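Here the structure comes first, spelled out in structure tokens, and everything after it is commentary.
The values are calculated or read from the model by the stated rules, or taken from the named source; none is laboratory data. What you see is a predicted model, and the numbers here were worked out from it, not measured in a lab. In this analysis, Cβ positions are derived from the backbone assuming ideal geometry, glycine residues included, and neighbour counts consider all displayed protein chains.
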């Protein structure tokens, strides 16, 4: 016979396991990129919320990312909340960004500007790969559960710290659906 005491112990055990799992997810350290490696290509797969980094054609690591708050489809216009799709390049590295650290991406390219102009709109800009917004780094890996950026690609601060050491201006960035 199942008693109230048995049910309360079972609920406590389930809550304890859930809490331990959440803590494990949050605190379990991510694998770092190999020392001395240089990332020469970044591939973002929006539909999978994954960013892969490569060196000389070899995949070094896959990151889980958050995207713009309207992640489906390609970014066309300023303020649409979408993450662009296409071939771009890292044009800047900022260690004093409003979002921990950041890489500026060469969006919009000529095709992006031409498309937006055909609708008499602006393509937008200021698209980055970045860490958490300053003061919100404590969200850590939990940020991955929602798409929250204005069109950027977001990582944890720890991931951004590691990546910052291995990516140079000029690195190719390809973003696909």
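Can you tell which of 56, 35 is in contact with a strand residue (DSSP E or B) (Cβ under 9 Å, 6 or more places away or on another chain) and without any contact (Cβ under 8 Å) to a residue 24 or more places away in the chain?
Details: 35 fails: in contact with a strand residue (DSSP E or B) (Cβ under 9 Å, 6 or more places away or on another chain).
That would be 56, the only listed residue that is in contact with a strand residue (DSSP E or B) (Cβ under 9 Å, 6 or more places away or on another chain) and without any contact (Cβ under 8 Å) to a residue 24 or more places away in the chain.
What is the one condition in (1) closer than 23 Å to residue 159 by Cβ; (2) out of contact with any helix residue (DSSP H, G or I) (no Cβ under 9 Å at 6 or more places or on another chain); (3) not assigned by TED's automatic domain parsing to the domain that holds residue 164 that residue 13 does not satisfy?
(1)
With respect to residue 101, determine if the residue is out of contact with any strand residue (DSSP E or B) (no Cβ under 6 Å at 6 or more places or on another chain), under 15 Å from residue 167 (Cβ atoms), assigned by TED's automatic domain parsing to the domain that holds residue 39 and crowded, with 17+ Cβ neighbours inside 10 Å.
Numbers: out of contact with any strand residue (DSSP E or B) (no Cβ under 6 Å at 6 or more places or on another chain): yes; under 15 Å from residue 167 (Cβ atoms): yes; assigned by TED's automatic domain parsing to the domain that holds residue 39: yes; crowded, with 17+ Cβ neighbours inside 10 Å: yes.
Yes; evaluated as a whole, the condition is true for this residue.
Considering only the stretch 158-173, how many residues are closer than 12 Å to residue 38 by Cα and part of a helix (DSSP H, G or I)?
3
Given the conditions (1) in contact with a strand residue (DSSP E or B) (Cβ under 9 Å, 6 or more places away or on another chain); (2) under 29 Å from residue 28 (Cβ atoms); (3) surrounded by fewer than 18 Cβ atoms within 10 Å (Cβ to Cβ); (4) without any contact (Cβ under 8 Å) to a residue 60 or more places away in the chain, which single one is not true for residue 132?
(3)
List every residue pair whose Cβ atoms sit under 8 Å apart, with the two residues 6 or more apart in sequence or on different chains, where the first one lies in the stretch 163-177 and is on the phi > 0 side of the Ramachandran plot and the second, anywhere, is surrounded by 20 or more Cβ atoms within 10 Å (Cβ to Cβ) and not in a helix (DSSP H, G or I).
Sorted first by the residue in the stretch 163-177, then by its partner, the pairs are 170/90.
With 170, 151 as the choices, which residue is surrounded by fewer than 15 Cβ atoms within 10 Å (Cβ to Cβ), out of contact with any helix residue (DSSP H, G or I) (no Cβ under 9 Å at 6 or more places or on another chain), assigned by TED's automatic domain parsing to the domain that holds residue 52 and within 24 Å of residue 54 (Cβ to Cβ)? So that I can check it myself, show each step before the final result.
Values: 151 fails: surrounded by fewer than 15 Cβ atoms within 10 Å (Cβ to Cβ).
That would be 170, the only listed residue that is surrounded by fewer than 15 Cβ atoms within 10 Å (Cβ to Cβ), out of contact with any helix residue (DSSP H, G or I) (no Cβ under 9 Å at 6 or more places or on another chain), assigned by TED's automatic domain parsing to the domain that holds residue 52 and within 24 Å of residue 54 (Cβ to Cβ).
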